[in-house]
1. Taking Arg45 as the residue in question, decide whether it is more than 17 Å from the chain's Cα centre (by Cα), charged (D, E, K, R) and either in the same structural domain as Gly12 (by TED's automatic domain parsing) or modelled with pLDDT under 95 (or both).
2. Inside the chain, counting only strands (runs of 3 or more DSSP E) that do not spill past its ends, which hold 3 or more residues that are charged (D, E, K, R) and either surrounded by 14 or more Cβ atoms within 10 Å (Cβ to Cβ) or free of Cβ contacts under 8 Å to residues at least 60 places away in the same chain (or both)?
Amino acid sequence: MEYTVFNVRIPGKELVFRHTAANVSEFISIRDDLIIDAFGIQAVRKADIISVELNPVPYRFAYFEIHNEWPGNEQKLWKWFYSLPEDERKAITERYQD
């Protein structure tokens, strides 16, 4: 099963949330009031969501593997990631799934 790992903030906590949405835009466009993770284990009410972002951990490993150093900050990480061709981004995402 293909999924993307997101950090979802709700009041009082941050969840590591695996979902089949390909990106943040697709995730926040979900029309359901209750969003259930890819494995049916976690659920979050859409109305409770404060913010959603991609979980940077897998992409940090890919950056390190290629550059032999950790990215200095998330802005640098995402700038590098989104500069890659779409097929390379997809390959990185698939490689670092659990």
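1. Criteria met by Arg45.
2. Of the strands (runs of 3 or more DSSP E) lying wholly inside the chain, those with at least 3 residues that are charged (D, E, K, R) and either surrounded by 14 or more Cβ atoms within 10 Å (Cβ to Cβ) or free of Cβ contacts under 8 Å to residues at least 60 places away in the same chain (or both) span 13-19.
Residue by residue, here is whether (1) of a type in the set (A, V, I, L, M); (2) in contact with a Phe, Trp or Tyr (Cβ under 7 Å, 6 or more places away or on another chain) holds:
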| site | (1), (2) |
| --- | --- |
| Ala38 | yes, yes |
| Gln42 | no, yes |
| Lys46 | no, no |
| Val52 | yes, yes |
| Pro56 | no, no |
| Glu69 | no, no |
| Asn73 | no, no |
| Pro85 | no, no |
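The values are calculated or read from the model by the stated rules, or taken from the named source; none is laboratory data. Note that the coordinates shown come from a computational prediction; the quantities given were computed from them, not determined experimentally. Ideal geometry is used to build each Cβ from the backbone, glycine not excepted, and the neighbour counts take in all protein chains shown.
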